[in-house]
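Below: one structure, written as structure tokens.
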Amino acid sequence: MAACHLLFLGLIWAQGLPSIHYVPELRSQSPVRWIAVAWSHSPQKWPMGEIIANALILRAQDRDLAEKAESLGLRLYTWSGLEGAAVAVTVPRVYTIPAVKWLYDLLSRLQYLPPYLWHIAWRTHHRAWEGFSLERELLWRLGGGRFSGVGFSVDSALSYLQQYMSTACLHLIVSGTLSIRDKNQIQALRPPFIPREISVSNDSVLSDTPSYEEENIWAYPAYVVLQIRLPAYWPEKIAFLQAFLVRWMREAPPLRWKGSFWGNDSYLLQARLDGRSYSFLRGLMELVPRDSIELIAWKSAYTTACRHLQAFPEYFMDIWIPAFLRGGSYTLPDSLPHEVWQRGWPFQAQGIWLWNDWLHLDTVQVADSNSLSPSRASAASAPIPDFIWTGKGDPLLSEWASAIQLFWNAERSIPCELIGYYKSLRDRTRRLKYLHELRRRLIREYHIPPQALRVTLRPMTPGLPPKALRLKCTSDS
Amino acid sequence: MYIRLLAVLPFISVGQNLHLYPQEIGYVIWGIYHPLQYGRYEALAYGIAERLFSDSILREVAYIHNIHYVIQRVGPWLVIQGTGMPEGVYAFFTTLKGAIERFPRQLQQGIRTKLSPHPLGPYFRWVYEDTLTETYTPLMVSQAFYRYWCEGQLHIFLRGRIPMLLQRAAKQLVGNLSQPFEYVPPNGPSGTYQPPRKGLGVVYVRWYSEGRLSPISMIALWSHSQALLRFLCEERQIACRATWVPLPNGLEGWIETGLPAAAEQAARDFLSRPYYPSPHSVAGFITWAHTSDNLHTAAWWAAVWGVALPTEVFSISPHQLRKSMRRWKMVAFSIGE
């Protein structure tokens, strides 16, 4: 028996210990403490990180864990991004040690999650992205590839656990000041032990084929998903973003927006806009203060943002967790030098721009253009056709034909789709005939290759004009 | 007796209308609470506040100091709540005082009565039988303005870093008058707005008591309200979102649902059962009260009850919690479109 114990301890020892970060600046003097366990992964693994985070939320509903969480007053938060993923809690200060134990306990149970819960975790991830296909596509393309559906199996999740969540890879982050006694107790706690070999038999592979077809882009006048380049210096990232938000909100506020830090040097912005706000974003080239009033407003916004970030780290895990995982400095000065503010920053945004339900601009450059053939490279720099005709006037067949021709030449074997919509089953034949007639006209009059265009009929989306047509070309179809 | 056991957020009440919660979070969270008489006259109160806060100098000061605020009706209050750095909030409050002094000139032009943009706005108005069709004479507008904005019938709370200068600036807005909270509860479900079996609606729940209010009854009530929401969300799966509005003698909850009749029945079932809060609710309450989303509600709850917010977990006997639960009376009904 003793030998078994020694062997087990030896295995744990061989796994190493997690690195522990104490951060007195965060939630300082708050009666509530923020505690996070984070781990790094490769950038392409961010969806799997999200699935792991969902699995952790499901596992936290185990009866004993949930009761313990309630007695400690725990609140659970998760995050996944390019750098890694994390699970965090907020808890009254007096329960710091039990909260760390609870987190370790939660992580240790992950490897015993039954397959059906893994599948629920995967479906939760899938559903969360439903309706945000543009954003997801952008994320994949910024990573150098294109989203073409990802299969999920429990074995892939377990191999993720082995690869990225071994003890030595974990980072424990504890906010606020701690006594030496508490620190010793935390260091003495044993993190979860993930064995080298875990396997599940009869595992089925779930494919991530989207159940939705397209987003309801008619719901708003303009829509953008953008990647905004950030300055290199860490406090300047916050300053730049605040300056941008102050000016944007002042001059042309969006209808609705959300954003998060994505990777080391970019901010991902998704917004519904009106025309004024859209023009503002398209025309913004640099952020330089116009006068001393704007300069003061930017400085003030930066100071408030820093206080807010430090007071509530659980809401800004996209900032703090990557900062710890990268291992650089994470302190934020109270203010930046005056020259930095006066100099300003260039504003570079690339992404997908939709305007007034028909124009679709795509300004994402493919990262590794050397690996592409010349025709593909030209297609990457040219806009991908996505036209919507709302039923007013005549369809712009010549414009469509030239776009299809260009796309066909660049992408070769991938046809474009001419999409029509029907209201009731009785309409189907009539609408389909009309679509085929348009296709015939495009082939005969504009000489597009017959293979370059196919016709699709779909049920009507709410808010869509009854005669609407959409010409959509995607290279991942 | 139990106050001795509690570590609390220092609570200072200046007069009865200014409530301060010094706390080292680096910036200031503030709220101005405008009572709506009998829960009515929202259009008038919002129209005045909207015109007042659109003062060009005030807007410029808010821009320079990055003061973010929203004006909306919540339950029987019109609430203006925001955040900012202490020096910014000081400048903002001082300018607001100036805007109030300049405001009578604007009154001559009349105001456009408007409704606040809160998504639950219609439900608030239906339950409190607020009328929108009433026309307001210039005399009524000026009387309402003087009553609330000049004679100190507002209530202000400040939470965070509160220097003395900021306290003075806030005190200027509420004056030296000590007005007790006036609150008249709604009569009950209105005959006009009977909820449909399916469709958007809310379940209105109110806990009220005539007795003395304490941090322990606050914790017990919080625990009960959270348990109700958990029951409706996890067990019955009919409502998962609620807005909690502290009242001078209790708490009201506006629980959003797509099945008002079923949710009302479920809420009544739950509330009719005896409830025994766990002694561990203290920890849950502390985490809740210090979470970014709930800072305003928690501070206002403590202000309107005149009690302190606990900051450290303390031991409490189940008997004490049960005793504090016994006094609460409850009303629940649904209302829908």
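Read-outs throughout are calculated quantities, based only on the coordinates presented, and are distinct from any laboratory measurement. Quantities reported herein were computed from a predicted structural model and do not represent experimental measurements. Ideal geometry is used to build each Cβ from the backbone, glycine not excepted, and the neighbour counts take in all protein chains shown.
The phi-based Karplus calculation (6.51 cos²θ - 1.76 cosθ + 1.60; θ = phi - 60°) puts the 3J(HN,Hα) values of region B:73-79 at 8, 10, x, x, 10, 9, 10 Hz, whole numbers, x for Gly and Pro. Once you order the gyration tensor axes a ≥ b ≥ c over the Cα atoms, which shape class does region B:50-153 get: rounded for a/c under 1.5, otherwise prolate or oblate by comparing a/b with b/c? It comes out oblate by the Cα gyration axes. Checking the cross-link filter: which lysines have an alpha carbon closer than 26 Å to that of A:K472, excluding same-chain neighbours under 8 positions apart? Output for A:K472: A:K392, A:K423, A:K433. Full extension of the chain between A:Q162 and A:Q185 yields a length gain of 5.6 nm, computed as 0.36 nm times the residue separation minus the alpha carbon distance.
Across peptide A:29-37, the average count of Cβ atoms from other chains found within 10 Å of a residue's Cβ is 4.
A Förster radius of 60 Å combined with the Cβ-Cβ distance from B:R230 to B:R112 puts the calculated FRET efficiency at roughly 0.90. Between region A:387-466 and region A:291-314, what is the C-alpha centre distance in whole Å? Their Cα centres are 50 Å away from one another. Inter-chain neighbour count for B:61-71: the average number of beta-carbon atoms from partner chains within 10 Å of each residue's beta-carbon is 4. For A:M285, neighbours were defined as the other residues whose beta-carbon sits under 13 Å from its Cβ, and their charges (Lys and Arg +1, Asp and Glu -1) total +2. Each Cα pair under 8 Å and six or more residues apart adds its separation to the average, and for region B:205-261 the resulting relative contact order is 39 percent. Note: relative contact order over region B:189-337, using C-alpha pairs below 8 Å and six or more positions apart, is 43 percent. Excluding same-chain neighbours fewer than eight residues apart, the lysines reachable from B:K97 by a Cα-Cα span under 23 Å are B:K114, B:K171.
Shielding by partners for peptide B:280-293, expressed as the average number of C-beta atoms from other protein chains within 10 Å of each residue's C-beta, is 6. Quick check: Cα centre of region B:72-116 to Cα centre of region B:277-327, how many Å? That distance is 31 Å.
Summing charges over neighbours of B:N66, with a neighbour being any other residue whose Cβ is under 15 Å away from its Cβ, gives +1 when K and R count +1 and D and E count -1. The average projected area of region B:233-296, computed from the convex hull of its Cα atoms over all directions, is 5.6 nm². Taking label points 7 Å from Cα along the Cα-to-Cβ direction, B:E134 and A:Q29 give a separation of 4.5 nm. Protection proxy ranking for B:223-236, A:310-323, A:176-189, using the average of other Cβ atoms within 10 Å per residue and placing the highest first: A:310-323, B:223-236, A:176-189.
For the peptides A:95-108, B:311-324, residues were scored by their other Cβ atoms within 10 Å and the scores averaged per peptide; the highest-first order is A:95-108, B:311-324. Using a cut-off of 12 Å between beta-carbons, work out the net charge of the residues near B:I25 (Lys and Arg +1, Asp and Glu -1, B:I25 not included). Residues close to B:I25 contribute a combined charge of +3.
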